[in-house]
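Here's the structure, in structure tokens; my notes come after.
The values are calculated or read from the model by the stated rules, or taken from the named source; none is laboratory data. What you are looking at is a predicted structure, and each value in this text was computed from that prediction instead of being measured. Please note: Cβ atoms are built from the backbone with ideal geometry, for glycine as well, and neighbour counts cover all protein chains shown.
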């Protein structure tokens with residue numbers, strides 16, 4: 001029991017943006033410029049440093065350099081995704097990559113240029129930057145928009161939908177402050193979800209004190225997936241999980257070393273094994289897992305012998321994006337020129353900026369619920385977005401929302417009813433029964449690790465294990481309603497574990513449905529270890545009558561896709 | 001890995017509290033405090049908003065930490081990252097925010 005007394009604040013807005021990360025901030029800027037009326041951006045933390053780019057980012061990984069065209073990027077992403085991608089989404093994104101890059105530079109991002117004033121590229125798709133301050137630059141852009149109001153430190157938990165003229169449309173959202181006992185009931189004409197992907201589903205590499213030293217933001221819980229799915233929106237390709245290849249322990253990026261100083265992946269015997277397996281992201285991890293399984297590990301990026309200048313540049317590059325790596329090198333004295341850097345795969349994530357998981361959207365980034373849009377890591381079908389792709393999607397979604405708001409006949413809907421208050425209050429009223437949000441989270445991560453293809457099983461799963469995972473996660477879901485909260489910070493964590501459990505449920509059904517191994521590591525199905533032509537299609541899902549229903553959809557080709565039941 | 005607050009340096013301005021992407025920081029008795037050190041992502045956002053260099057970044061023993069702490073001292077466009085070794089030695093790496101990464 002706690003003495004927290006909740007009060008409710010009501011807000012009316014034209015456009016609501018949930019999540020002020022990369023995509024959400026950019027959409028807010030573009031909607032602000034479009035004069036669509038009132039825009040409210042709600043962010044769980046503070047937009048200056050929230051989301052994936054809190055620490056910074058080393059490079060812009062999606063850019064079309066001279067001699068290439070947007071379709072080249074589509075083909076690259078299609079090959080990397082083994083065909084399970086949306087051409088319309090990839091193309092519309094790719095066409096804007098360079099424009100948003102230039103816009104970032106105009107906002108103050110430092111981009112390396114050569115003597116002719118051209119961006120210096122790393123490969124044909126990457127530009128070199130100082131990406132430490134992208135988030136503050138985007139936040140500055142948001143705050144400069146007079147029509148945009150920012151509500152920081154407010155966590156949205158549920159969407160509110162309504163049947164209007166025979167269709168279920170979005171009408172708003174509800175959430176609470178993570179600092180004060182205040183509930184926010186928000187009525188909106190259109191809603192953009194930009195809450196990012198889901199981390200923390202599986203037991204992480206460092207399960208103890210450094211449990212949050214993970215690749216993806218541990219504060220991205222899959223909230224958008226969960227609230228969208230619960231509201232009836234269709235999801236796609238969750239089974240295309242993402243696993244990153246990282247520096248061991250610090251979980252710092254490896255691409256900077258591999259591409260920056262040309263370091264190769266070697267096993268303990270010094271053999272360059274990357275040649276055997278290939279160099280796409282899943283192949284790099286697959287090779288590392290296989291070498292370890294064969295007893296040839298540990299595996300390394302061969303940095304021993306690099307020059308002192310190269311080493312100094314690495315120290316600085318890591319301070320701009322993953323400071324723990326530089327600290328580890330200096331503190332241990334085992335700097336990269338003296339000792340090669342050990343590497344490992346992370347636990348799996350569901351993240352639409354890297355793989356194709358997320359909301360099933362039309363070309364304008366509207367979900368299957370009219371008025372509800374999705375952009376960035378929460379939107380599916382369009383992998384390899386990275387930072388610039390997320391910006392491009394935020395911009396596309398903003399344009400579609402502006403057009404939707406323009407066409408929408410406002411004011412003829414019935415009054416919006418909000419019903420979350422008692423559910424929130426219940427967590428302050430129940431008696432503490434020794435089951436905590438942390439305990440449930442730990443149990444979930446253990447189940448996913450052991451039964452749904454985590455690090456524990458070298459990312460492999462089979463039907464027998466997945467069926468057990470389903471049963472055990474369902475069992476944990478039953479505990480959430482009666483978790484006790486002392487304050488709003490506890491309530492936040494209870495809702496985060498609730499979201500993650502639902503994302504796990506969706507993921508398990510997707511893994512069961514794709515009876516093949518389409519992608520090594522990301523979807524390593526031990527019952528069906530090969531690709532099958534029968535599965536050259538999307539695995540989608542919806543919540544229907546409280547059950548997760550799987551829908552198979554044929555591959556979308558061409559430049560445009562509309563929802564069939566629009 | 002996490003951060004700790006040097007309470008002698010902290011002036012309780014609260015800027016780090018707004019910056020933390022995990023809502024982990026709060027004011028306790030007029031000073032910043034981290035609610036759950038294990039839940040820190042290690043992004044160093046809070047350190048960049050501290051005018052007093054009161055926030056100290058460290059690696060847990062599970063990541064190889066052996067007692068060193070890292071602080072940031074800002075000087076116009078330069079971030080001076082200072083690594084204070086347990087033996088008393090301090091190593092400084094200066095990063096100019098106007099320079100792009102070489103890699």
Next on the checklist: Condition check: more than 14 Å from chain B (Cβ to nearest Cβ), more than 26 Å from residue A:33 (Cβ to Cβ) and touching a strand residue (DSSP E or B) at 6+ places or on another chain (Cβ under 9 Å). Does residue A:227 satisfy that?
Outcome noted: yes
Checklist outcome for this item: residue A:543: passes all of (1) closer than 17 Å to residue A:240 by Cα; (2) under 22 Å from the mean Cα position of the chain (by Cα) but (1)
Item to check | Matching residues in segment A:14-39 - criterion: being surrounded by fewer than 24 Cβ atoms within 10 Å (Cβ to Cβ) and either closer than 18 Å to residue B:19 by Cβ or touching a strand residue (DSSP E or B) at 6+ places or on another chain (Cβ under 9 Å) (or both) | outcome: A:14, A:32, A:36, A:37, A:38
Checklist entry - Which one is surrounded by the fewest Cβ atoms within 10 Å (Cβ to Cβ) among residues in segment A:144-186 that are over 24 Å from the mean Cα position of the chain (by Cα) and within 14 Å of chain B (Cβ to nearest Cβ)? => result A:180
Checklist entry - How many of the residues in segment A:247-292 are over 25 Å from the mean Cα position of the chain (by Cα), over 18 Å from residue A:354 (Cβ atoms) and more than 14 Å from chain B (Cβ to nearest Cβ)? => result 17
Checklist entry - Restricting attention to segment B:37-69, and to residues there that are more than 7 Å from chain A (Cβ to nearest Cβ) and part of a strand (DSSP E or B), which single residue is nearest to residue B:7 (Cα to Cα)? => result B:55
Next on the checklist: Please determine whether any residue of segment A:321-341 is in contact with a helix residue (DSSP H, G or I) (Cβ under 8 Å, 6 or more places away or on another chain), without any contact (Cβ under 8 Å) to a residue 40 or more places away in the chain and surrounded by 24 or more Cβ atoms within 10 Å (Cβ to Cβ).
Outcome noted: yes
Item to check | Count - residues of segment B:27-36 that are part of a strand (DSSP E or B) and either surrounded by fewer than 15 Cβ atoms within 10 Å (Cβ to Cβ) or within 8 Å of chain A (Cβ to nearest Cβ) (or both) | outcome: 2
Next on the checklist: Among the residues of segment A:545-561, what is the count of those that are in contact (Cβ under 8 Å) with a residue 24 or more places away in the chain and out of contact with any strand residue (DSSP E or B) (no Cβ under 9 Å at 6 or more places or on another chain)?
Outcome noted: 5
Checklist entry - Pick from B:93, B:72: which is under 25 Å from residue A:129 (Cβ atoms), facing chain A (nearest Cβ under 8 Å), surrounded by 14 or more Cβ atoms within 10 Å (Cβ to Cβ) and in contact with a strand residue (DSSP E or B) (Cβ under 7 Å, 6 or more places away or on another chain)? => result B:93
Next on the checklist: So, restricting to helices (runs of 4 or more DSSP H) that lie completely within segment A:297-411, which ones have at least 1 residues that are closer than 30 Å to residue A:448 by Cα?
Outcome noted: A:323-332, A:386-407
Checklist entry - Would you say residue A:54 is crowded, with 21+ Cβ neighbours inside 10 Å, within 14 Å of chain B (Cβ to nearest Cβ), touching a strand residue (DSSP E or B) at 6+ places or on another chain (Cβ under 6 Å) and modelled with pLDDT under 95? => result no
Item to check | Those strands (runs of 3 or more DSSP E) lying entirely in segment A:1-63 with at least 1 residues outside the structural domain of residue A:431 (by TED's automatic domain parsing) and within 22 Å of residue A:223 (Cα to Cα) | outcome: A:7-18, A:39-42
